[in-house]
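Structure record follows, encoded as structure tokens.
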């Protein structure tokens with residue numbers, strides 16, 4: 001039977017060298033590879049109904065970061081005895097239904113879980129979740145980020161297990177959940193999430209009006225040379241800097257040209273190049289900007305591309 005609440009805690013290894021060659025062609029940035037999962041299930045009344053833990057065998061990081069080893073006591077020899085992430089994830093997901101609410105202390109565990117699901121080409125099954133750290137702050141009048149240990153001390157919860165173990169930390173978090181008003185906390189957290197989404201949309205709308213990245217190129221003998229310059233004619237994702245899969249450049253007007261580029265991780269972008277000729281040097285110079293692919297910019301790009309295609313059809317038919 002699926003749990004009403006599942007308290008989740010993760011321990012993850014960190015790259016010793018983020019620039020290592022084996023980490024460069026992954027689907028997403030590897031901030032941490034999960035090496036231990038702890039879960040505690042609760043029913044609708046907040047009663048603990050089960051505890052679960054998995055040691056996870058690493059796939060991407062074969063060296064334990066010294067800070068992780070010092071904090072958790074986990075070594076590479078220990079985690080190599082664990083099960084593969086895909087199996088641990090299958091067993092974890094089986095504890096949940098679409099109605100199960102995930103509870104974590106802070107947002108990092110959910111972000112790392114989603115990142116690892118993507119890295120392993122697994123379905124993102126994570127549904128609604130709630131950051132108990134924020135619920136605690138709301139109900140206890142705390143400011144800033146309260147550590148798990150500080151919250152336990154404030155609520156008179158005895159630290160009778162070693163910290164920085166995924167199951168132990170999930171257990172402590174579950175005990176904190178029992179002392180909070182989860183129903184009220186969830187309502188308040190949903191209000192908080194909706195407010196953050198509104199702010200995010202407002203920021204996105206502001207960003208759409210301004211370029212996310214820009215480049216300048218000079219000294220082109222011919223106008224077409226600007227598009228052959230990889231620094232100007234080839235776009236990179238403003239977020240991850242990977243090359244975009246892009247279209248040709250289409251003429252928007254006398255001086256401006258547009259193209260669309262796609263990043264597998266961050267979506268679509270619209271590039272615009274403006275070319276001018278220096279009368280003194282008799283050379284072309286260009287400026288290229290990359291914008292978020294707003295509905296207005298996408299519509300403008302599609303109109304230009306369709307117009308170009310129509311002209312080509314006319315020429316072929318003529």
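The values are calculated or read from the model by the stated rules, or taken from the named source; none is laboratory data. Note that the structure is predicted; figures quoted are calculated from it, not measured. Methodologically, a virtual Cβ is constructed for each residue, glycine included, from the backbone with ideal geometry; neighbour enumeration extends over all protein chains shown.
Would a scan of the range 217-235 turn up a residue that is under 21 Å from the mean Cα position of the chain (by Cα) and either over 30 Å from residue 129 (Cβ atoms) or surrounded by 15 or more Cβ atoms within 10 Å (Cβ to Cβ) (or both)? Let's see the steps before the verdict.
Filtering the range 217-235 for residues under 21 Å from the mean Cα position of the chain (by Cα) gives none.
Checking the range 217-235: not a single residue is under 21 Å from the mean Cα position of the chain (by Cα) and either over 30 Å from residue 129 (Cβ atoms) or surrounded by 15 or more Cβ atoms within 10 Å (Cβ to Cβ) (or both).
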Search the range 94-117 for residues that are touching a residue at least 12 places away in the same chain (Cβ under 8 Å) and pair each with any residue that is part of a helix (DSSP H, G or I) when their beta-carbon atoms are under 6 Å apart and the residues are at least 6 apart or on different chains.
103/132; 103/177; 104/110; 105/132; 105/133; 105/148; 105/173; 106/133
Restricting to the range 42-77, count the residues that are touching a strand residue (DSSP E or B) at 6+ places or on another chain (Cβ under 7 Å), in a helix (DSSP H, G or I) and over 30 Å from residue 180 (Cβ atoms).
0
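Yes/no per residue for (1) assigned by TED's automatic domain parsing to the domain that holds residue 109; (2) exposed (fewer than 14 other Cβ atoms within 10 Å of the Cβ); (3) closer than 19 Å to residue 118 by Cα; (4) at pLDDT below 95:
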site	(1), (2), (3), (4)
9	yes, no, yes, no
16	yes, no, no, yes
22	yes, yes, yes, yes
25	yes, yes, yes, yes
36	yes, no, yes, no
41	yes, no, no, no
Out of 259, 221, I need the residue that is touching a residue at least 24 places away in the same chain (Cβ under 8 Å), in contact with a strand residue (DSSP E or B) (Cβ under 9 Å, 6 or more places away or on another chain) and farther than 29 Å from residue 26 by Cα. Which one?
221
Residue 63 versus (1) modelled with pLDDT under 95; (2) surrounded by 14 or more Cβ atoms within 10 Å (Cβ to Cβ): which is the lone unmet condition?
(2)
Could you count how many residues in the range 1-25 are in a loop (DSSP other than H, G, I, E, B) and either touching a helix residue (DSSP H, G or I) at 6+ places or on another chain (Cβ under 8 Å) or over 20 Å from residue 97 (Cβ atoms) (or both)?
9
So residue 46, is it buried (at least 18 other Cβ atoms within 10 Å of the Cβ) and touching a residue at least 60 places away in the same chain (Cβ under 8 Å)
no
The range 138-164: number of residues that are part of a helix (DSSP H, G or I) and either in contact (Cβ under 8 Å) with a residue 24 or more places away in the chain or touching a helix residue (DSSP H, G or I) at 6+ places or on another chain (Cβ under 9 Å) (or both):
8
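In a helix (DSSP H, G or I), farther than 30 Å from residue 45 by Cβ, modelled with pLDDT of 95 or more and assigned by TED's automatic domain parsing to the domain that holds residue 13: is that true of residue 89 in this structure? Reasoning before the result, please.
On the way: in a helix (DSSP H, G or I): yes; farther than 30 Å from residue 45 by Cβ: no; modelled with pLDDT of 95 or more: yes; assigned by TED's automatic domain parsing to the domain that holds residue 13: yes.
Spelling it out, it is not the case that residue 89 is in a helix (DSSP H, G or I), farther than 30 Å from residue 45 by Cβ, modelled with pLDDT of 95 or more and assigned by TED's automatic domain parsing to the domain that holds residue 13.
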